1. Treating only the Cβ of Lys, Arg, Asp and Glu as charged (+1, +1, -1, -1), what charge dipole size does the range 6-68 show about its Cα centre? Round to the nearest 20 debye.
2. Of all accessible surface on the chain at a 1.4 Å probe, what whole percent is carbon and sulfur?
3. Identify all aspartates and glutamates with a Cα-Cα distance to residue 10 below 20 Å; exclude those on the same chain that are fewer than 8 residues away in sequence.
4. Karplus couplings for the range 12-25 from phi (6.51 cos²θ - 1.76 cosθ + 1.60, θ = phi - 60°), rounded to Hz, Gly and Pro as x?
5. At a Förster radius of 25 Å, what calculated FRET efficiency corresponds to the Cβ-Cβ distance of residue 45 and residue 21, to the nearest 0.05?
6. Could you order 68, 32 by accessible surface area, starting with the largest, using a probe radius of 1.4 Å?
7. Residues with beta-carbon under 13 Å from that of residue 28, excluding residue 28: net charge, scoring Lys, Arg +1 and Asp, Glu -1?
8. Give me the one-decimal nm value for the distance between modelled label points at residue 11 and residue 97, 7 Å along each residue's Cα-to-Cβ direction.
Amino acid sequence: MATKPDPANKVVASNRQARRDYEILDTWEAGIMLRGSEVKSLRESKVQLSDTYARFEGAQLFLVGLHIAAYSSASAQGGHEVARTRKLLLHQHELHELQLRVDQEHLSLVPLSLYFRNGRAK
């Protein structure tokens, strides 16, 4: 019997072009620091992952180029910036390990998918 897809683990967007253009060595799961209207837009799948990458600024990791469209029911004053830099949430030891690998091996950090796990954007 087929199981129903779990709405708590919903895939919002995937970056199929990244899988074609890059060799995937490792995958990591990170949370994203978002604002209220951004979360609502993600739930409507109004997001584009193409041309998105992650970079280190100091000891923190940021997602650059993620385009989240404005929420349809939000007011013009209370909305969010469509293409702002968003902080990625990882444990300190994971950030340190990633930064060492990026610096030593000259790797690129590219998001492969954006999804909700237990109500949190990953």
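The values are calculated or read from the model by the stated rules, or taken from the named source; none is laboratory data. Please read these numbers as outputs of a predicted model, since none were measured by experiment. Cβ atoms come from the backbone with ideal geometry, glycine included; neighbour counts cover every protein chain shown. We work out accessible area using only protein heavy atoms, side chains counted, and drop any ligands, DNA or RNA first. Shrake-Rupley method; radii C 1.70, N 1.55, O 1.52, S 1.80 Å.
1. Dipole magnitude for the range 6-68 comes out near 280 debye.
2. 48
3. 29, 38, 44
4. 8, 8, 9, 10, 5, 5, 5, 5, 7, 8, 10, 8, 8, 8
5. Efficiency computed from Cβ-Cβ geometry: 0.65.
6. 32, 68
7. Numbers: positive: 101, 122; negative: 26, 29, 94, 97.
Charge balance near residue 28 sits at -2.
8. 2.4
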